[in-house]
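The values are calculated or read from the model by the stated rules, or taken from the named source; none is laboratory data. As the structure is a computational prediction, the values presented were derived from the model and not from experiment. Note that each Cβ is placed from the backbone with ideal geometry, even for glycine, and that neighbours are counted across all protein chains shown.
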Amino acid sequence: MTIRMAHHDGIDLAYETIGPAGGEPLLLIAGISQMLTWPDDFCAALAARGFLVARFDNRDTGLSTHLHDAGRPNKLDLLLRPACAAAYQLTDLADDAVAVLDAIGWSSAHVVGETFGGMIAQSMAFRSQDRVRSLTSIASTPSSRIGRPSLATLVRILRTGRSIDSAEDYAQHVRISTRSSDPRPIRRTRR
């Protein structure tokens, strides 16, 4: 597998293809992560079923362009107005995916996205309908507003005064928040 580069609006997007040259085009879009989210064995299994699989690193991940100059968004803006705080939008990421299709030479492909990649895939299907043969969205949502934390949860997050950068930090924060907001003990129920 050879890493190649697609280009879109000043962004370099690392991608690779797996499978037979004449295979049915299948684009895999990862969430906010790199192409390796899609394991080699999974891609090989798809290729064995006749697909030519493409996977790529979204911008700010893996070998693709990282936008360091954009800086980190303000925590409050990110929570209350995510679209205003971000250096780029979901539509930019969907256009990046189309640029990968262009670089490979595909007029269209089956598109599979997981988590945030599912949202990118949905946006791609909406914006570039003629480029998407079929759409599969895994563990995703049709809207960024679905699943947003409540105002009370946002306030608790902001009161921590620090970033939550790992699963351990989050677990500790949840334990502290739960204890401080509801002092009643958790009771087990019989089944």
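Please state which one of L46, L27, L13, L63 is touching a Ser or Thr at 6+ places or on another chain (Cβ under 7 Å) and of a type outside the set (S, T, Y).
Within the list L46, L27, L13, L63, the selection yields L13.
Of the conditions (1) under 19 Å from the mean Cα position of the chain (by Cα); (2) in contact (Cβ under 8 Å) with a residue 60 or more places away in the chain, L135 clears all except one; give me its number.
The single condition L135 does not satisfy is (2).
For S140, all conditions in the list (1) surrounded by 15 or more Cβ atoms within 10 Å (Cβ to Cβ); (2) under 15 Å from the mean Cα position of the chain (by Cα); (3) modelled with pLDDT of 85 or more hold save one; what is the number of the exception?
If we test S140 against (1) surrounded by 15 or more Cβ atoms within 10 Å (Cβ to Cβ); (2) under 15 Å from the mean Cα position of the chain (by Cα); (3) modelled with pLDDT of 85 or more, just (3) comes out false.
Considering the stretch 1-41 alone, what residues qualify as being of a type in the set (A, V, I, L, M) and closer than 20 Å to D92 by Cβ?
Result: M5, A6, I11, L13, A14, L27, L28, I29, A30, I32, M35.
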